[in-house]
Every structure is written in C-alpha cells, then in structure tokens.
1. Just to verify a result, which residue in region 126-140, among those that are over 19 Å from the mean Cα position of the chain (by Cα) and in contact (Cβ under 8 Å) with a residue 24 or more places away in the chain, is nearest to Asp103 (Cα to Cα)?
2. Based on this model, can you work out whether Pro140 counts as over 19 Å from Asp200 (Cβ atoms) and surrounded by fewer than 23 Cβ atoms within 10 Å (Cβ to Cβ)?
3. Glu310 - would you say it is among the charged types (D, E, K, R), out of contact with any Lys or Arg (no Cβ under 6 Å at 6 or more places or on another chain) and free of Cβ contacts under 8 Å to residues at least 12 places away in the same chain?
4. Enumerate the pairs (first residue in region 250-275 and farther than 13 Å from Asp175 by Cα and surrounded by 24 or more Cβ atoms within 10 Å (Cβ to Cβ); second residue anywhere and at pLDDT 95 or above and of a type in the set (D, E, K, R)) with beta-carbon separation below 7 Å, excluding pairs fewer than 6 apart on the same chain, so at least 6 apart or on different chains.
5. Would you check which residues across region 48-71 are of a type in the set (Lys, Arg) and closer than 22 Å to His188 by Cβ and list them?
6. Filter region 181-228 down to residues that are in a helix (DSSP H, G or I) and of a type in the set (Asp, Glu) and give me whichever is farthest from Glu132 (Cα to Cα).
Amino acid sequence: MVAQLVETSYRVQKTAHAVVAGVFMRIFHQLVSPGPLPSPAAREALQRRFKALIDQDLANVRAGLYPERLLWRTGLRDTLKVLPGGFLEVPRVILRARRQGYDDLPPASQDPHFPGYYRRTFHWQSDGWFSERSARMYDPGVELLFGGTADVMRRMILPDLATALRPLAAPRLLDVACGTGRFLDQLHTTLPHARLTGLDLSAPYLKFARDRLAHVPDLSLVAANAEAMPLADASFDAVTSVFLFHELPSDARRNVLAECLRVLRPGGLLAILDSTQLDDSPELAFFLGNFPRLYHEPYYKGYSQLPLPELVRDAGFELVSDRTHFLARAVIARRPSPAPTETSNP
C-alpha cells in the first residue's frame, strides 16, 4: 500500500508540474516567435511518451537500479532561490530572442581560449555560460522547459552505469560537460563508491558544481575543453555526457567522441543522453523543428539529422543499446577490447 501511495503521489506531482510548465511555455513561445501549434497527433505522441518516461522511472526504482529518493529531488529549493531573479529574467530573454541577440555576452566571453561556437547565448539565457547568475538559473530553466522531466530523462542512463560499475571496487567515472553538477549528484547517489570527475569549460558552472557537490568525497572538477581533455589515456571505466552534443558543431562532436574513446579503458562504457533525433522520433518532427528556432540552438538542425548511434560507431565504439525516453535519446556504447593474442604451442 505504501509503495502504491508513493507511486501515485509521484505521478500526480510530475503531471501537475508538466501541466503548469506547459501553460507557461506556450505563452512564452507566442511572445518570442508566434507560430503554428502542434497537431493533435503530435500532442498525443508527446503525452504518450511522457507517461512512458514516468513508468520507466518508477520501474527502475522498483528494480533497485537507483534509489527512490532521487524521485523527490525536484529542484524546488533551487527554483525558490532564483524565483525573484527569474521574474526579471523572462522579459530579458524574450527581448533578446526577438532581436536575435546571440552574442549578448559579458566581457569574459572574449577570452580567446573559448571556441567560437561556445560564445553564444544558448537558450537566449543571460550571459551564456559565462556567469554565476547563469549557473544559478540554468537548472530551474531547463526543468521548466522540459515540464519537470529533465532530471527524469538524465536518470535513464543510470541503470546501464549501475549494472556495469557496481561490481567494481572503486570505478572511475568522467562526466563530460558536467555543468552545474546535477547529473554528478545523481551518479554519486546511485554509485557512492565511484570516484567521480567532472569536466566543463565554464568556470562559473564548475564553481556552482563544487558547492553543490561538497559532500562528495574524492571529487575532481576540471576546467577544460572536451575536445582536448587534459586527462590520461584509458584512465576511466565509464564516460558520460548529458545534453552536450546538440550544442556542438559537427567537427567538435567528432573531436569530443575521439577524446572520450581515448580516456576510456578498453571495455569501458560510454553513456550519452541527448535530444531525440528525426530518425528515432519522426512523430516529434514538429517539436524538433521548432526547438532551434525558439531557443537559439544553432547546431541543433545538423545534430537532429545525423543519428547518434552512427556518430558513435564512426568514432570507434561498439554500440550496446539505443533507446528513446520522452524527448531524450540514450545511447550506450563500449570502447572495444583488444582481440586476444594467439600463442603457438612449443
């Protein structure tokens, strides 16, 4: 009875969050760039996928793949902290979107070690990736955008990691483009014995992550470009990346995957969670087509047309699985192990 009450409460909470967020985002979309509304079939597909995501989340908890307490980390405290500033941020974002202020960035963004593709106001957010204000606003904003499902979608690669890494005494795991450390926190809760490393190019986001993850022992946070990681070859048992590849141009995607392959040990696991794409979610074509227009995602169109499994195979990985979860695609792969050496009999 208790378990059933917990599940019912969770479903009600997530549905309510999605409804409220959906109303807000529809108003936001019309203010930013008025356009056609999705068809009934597209809305039905979205609702069906939402239900399947919540069902899978609960099934993963029942199977012991990650702790139940992750269900209740809603980020409400973070949201309440930034709520006053959030009200001021909305009109700024709308005005920036209307005037296409993709380079409306603080002076720190002009440091030449930042690649040109990085110096943009992704999502039309103030300061891009270059301020503590942006770091504080990021997680509440993403949860609003995805109707309270961003953390749920992130969790969809935890089962593969738990299965692969729990048998190891002290597995080494790298999260590429760790941002504010939200997924690292989920990883620590699921795999408390893992030695975690986060890599990101944004110093303000890493500072936020360091504060959030102060309770995590042996944590290492590295400020670096994922195209050239200052990390040793074959030094990790698993590498993860969440919502990164759709924000990279094609050459950068290939460079990052090459680095992921290099730092993984043979047999190590790569777990990518990113946006769905046209080949795996044709029924969501309306939403995939509107996303880059509404949220300034200049590399999204190219990303949406080149399937992640193909990209991962081309980088030298062996594909393990390819699944869709609501608006996300989870691709799991391995670095191939060397073939056994044949020995001749004396």
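The values are calculated or read from the model by the stated rules, or taken from the named source; none is laboratory data. No experiment lies behind these values; they were computed from the predicted model shown. Glycine gets a Cβ as well: all are built from the backbone with ideal geometry, and neighbour counts include every protein chain shown.
1. Residue satisfying both the conditions and the ranking: Ser126.
2. No.
3. yes
4. Listed pairs, sorted by first residue: Gly268/Asp237; Gly268/Arg334; Gly268/Arg335.
5. Arg62, Arg69
6. Asp185
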